[in-house]
1. Run the reach check for K135 against lysines, Cα to Cα strictly under 22 Å, same-chain hits fewer than 8 apart removed. What comes back?
2. When the gyration tensor of segment 108-206 is built from Cα positions, what are the square roots of 5 times its three eigenvalues, in whole Å, from largest to smallest?
3. Quick one: check the C-alpha center-to-center distance for segment 125-166 versus segment 221-238, whole angstrom.
4. As an exercise, take the mean of 1/r over every pair of distinct alpha carbons in segment 38-180, invert it, and state the Kirkwood radius in angstroms.
5. Using only Cα atoms, what is the ratio of the radius of gyration of segment 111-159 to 2.2 N^0.38 Å?
6. How much FRET efficiency would the formula 1/(1 + (r/R0)^6) give for F162 and D125, where r is the Cβ-Cβ distance and R0 is 45 Å, rounded to 0.05?
7. Could you work out how far apart the two model spin labels at T298 and R32 are, taking each label as a point 7 Å from the Cα in the direction of the beta carbon, and quote it in nm?
8. Considering only protein heavy atoms and a probe of 1.4 Å, how much of the accessible area of segment 48-194 is carbon and sulfur, as a whole percent?
Amino acid sequence: MRLLYFILLGFIILVTSCQDVIEVEVPTGETRLIIDALMRVDITQEFIGVKVKVTETNNFFEELPVTSLENITIIYSTTRDDGLVLSTGTSSLIDLDEGSGVYVPNPNFSTEQRIRTGVLLQEEDVLFTLIIEHKGRKYAGQTRYAPSSPIISLAQGDKTLFSEDETEVIVAFEDDPDIDNFYVFDFDFDQFLVTEDTFYNGQEFEFSYFYDKNIDAGQEITVSILGADRTFYNYMDELITQSEEPQGPFQTPVTTVRGNVFDITGLDNIDIVDNAERPNDFPLGYFAIVQEFKRTLTIE
């Protein structure tokens, strides 16, 4: 028995002594600006909740550092069907908590910089343009308000798909028959789902969503339905697809998901808001102003 003990001890020492620390150089790329400019609108409020967060890309395993802008402005213009501009407004944004990377309408400006929700409810077309200046570069993105449909009901179900630990929620909403609608659902915990009304145009639609994480009894979850246009729908669909792929920390994503904000440095025509001639110059992120309806459910 003692002989066996020393044999095993010698084997363990031999194995542990052969272990080396390997330092792996993770790939580093060009730093890019990341723009989080998704603005969720509650039309019962007087003002749009304007907030833009800016960070920069970083190496693997490190948190994204916030960054500061030289300037950030939102321009919104109302036009008739014939193209005549009826009105134009601007909103100057500022980082109130200096160094936070979060920009909101400047409360210290001589005039009101918040954008009233009523701007979105006009019959005329309203175009929003986001202008950002950062480290000598200039970026711009454009969007229009995307309305949504309210959630009719939100309930907990008792079915599962793959595991007994799953939690089912059942969502119902009624689609607007007058337009082609795209929706983005936010199921809390950074879980999203996209859908379009191709097969349920103008109808009430009900579906189940399954959480694959443990949700404790008594815990509240908030489910939101966001309006979207086709471009935002495609952008979120691609993000969701890539987030579900089993990519390791050293695997390169299949594609870089580009948003609708472009590098316009050197361009003097505000009507040209793309980077078709400079495909490698672009920030990451998206600019959208969307209607949001949400409901909260307490898990039993």
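1. Once the sequence-local lysines are set aside, what remains near K135 is K51, K53.
2. Output for segment 108-206: semi-axes of 36, 21, 14 Å.
3. Segment 125-166 and segment 221-238 have Cα centres separated by 4 Å.
4. 18.6
5. 1.89
6. 0.45
7. 4.4
8. 47
The values are calculated or read from the model by the stated rules, or taken from the named source; none is laboratory data. Since we're looking at a predicted model, the values are computed, not measured. Note that each Cβ is placed from the backbone with ideal geometry, even for glycine, and that neighbours are counted across all protein chains shown. Ligands, DNA and RNA are stripped out before the accessible areas are found, and what is left, the full protein with its side chains, is counted by its heavy atoms. Shrake-Rupley method; radii C 1.70, N 1.55, O 1.52, S 1.80 Å.
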